[in-house]
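None of the figures in this text is laboratory data; all of them are computed from the coordinates on show. Remember, it's a predicted structure, so these values are computed and weren't measured experimentally. Because the Cβ atoms are built from the backbone with ideal geometry, glycine has one as well, and the counts that use them run over all protein chains shown.
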């Protein structure tokens, strides 16, 4: 009887170990996704119940969610922006019975499903995503090409199903996709910041928000920690204002530390994306404001697209605080936020 060589035996061992790890990683991914969906459904339920016990439903909206978002962000980190909280609320309203929420699907699946207004279509996509093991990207693709609606209306169901399988196969999520998913990172609070940095950042941003609103130069608050998407990547903008005198958006991004070249490039990207996704036909070009705060120096820098430089200098600057004025305010707000942190630690 022939005995397998040492290399063959080692290859078998490697394969067995790889299989064990692959199964374990799959369990971890499924556990995190399940816990995330179950938690967000429960948060949605709590928000709805709080809303119904308070004043009229119409009175419960942006302002309350913004305050809830701010408090949760300080306590728990990212993942509780107004948009995400609103989506949690919608999850509970769309699936009021807890058992109807299938934990085989992740949060990104449900964010996609909630965009389907027809309940019958939404339930069909949910069941199909589970039975066919669709990734969130595959689900988004099938909804985008109206797979359900085409199946109902087509006499060639076999052809429609074949096309769906063909375009679904390459869209499986990888482990790298899972680890880079911003919703997963938010849920696990794995952002690259310490708790103190988050508290300091929150304090500075809160005070700067109030400072801009009190200038009397036409600023109206829009949203905090606003998430914008480009392709498969999500970005957060610390503060978004609309200036009704200039008729344009102002995006504010705060960095703790020295100003880096990539920070300027990132703000330019925010401005370009905002122009594409949010700017109305009657709105002026979006303005970016990059603030960098460190112990020794504060930096304030406006960011506008190259072809808008003349307009910015001629029309915008009279209504905006100067970079020097913002720098002085940023230094004051950092000192104030540091004192607040020190008092909080002393009381702890």
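Results, tabulated for the structure shown:
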| read-out | value |
| --- | --- |
| Protection proxy ranking of 71-78, 326-333 - average other beta-carbon atoms within 10 Å, highest first | 326-333, 71-78 |
| Protection-proxy order for peptides 221-227, 210-216, each taking the mean of Cβ atoms within 10 Å per residue, highest first | 221-227, 210-216 |
| Residue 128-residue 339 FRET efficiency (beta carbon distance; Förster radius 41 Å; 0.05 resolution) | 0.15 |
| Förster radius 25 Å - calculated FRET efficiency between residue 67 and residue 325 (Cβ-Cβ, nearest 0.05) | 0.30 |
| Quotient of Cα Rg and 2.2 N^0.38 Å for segment 85-132, N being how many residues it contains | 1.04 |
| Where labels lie 7 Å past Cα in the beta-carbon direction, separation of residue 145 and residue 13 in nm | 4.6 |
| Segment 195-347: relative contact order as a whole-number percent, Cα under 8 Å and 6+ apart | 22 |
| Cα-projected label distance for residue 118 with residue 269, points at 7 Å along beta-carbon direction, nm | 3.7 |
| Share, in percent, of DSSP beta bridges within segment 195-347 that are antiparallel, nearest 5 | 75 |
| For segment 195-347, the Rg and Dmax computed from alpha carbons only, in angstrom | 15.5, 52 |
| Footprinting exposure proxy for 292, 248 (fewest neighbouring C-beta atoms within 10 Å first) | 292, 248 |
| Segment residue 93-residue 305, extension gain: residue separation times 0.36 nm, minus the distance between their alpha carbons | 72.2 nm |
| Simple spin-label estimate for residue 83 and residue 35 in nanometres, 7 Å along Cα-Cβ | 2.6 |
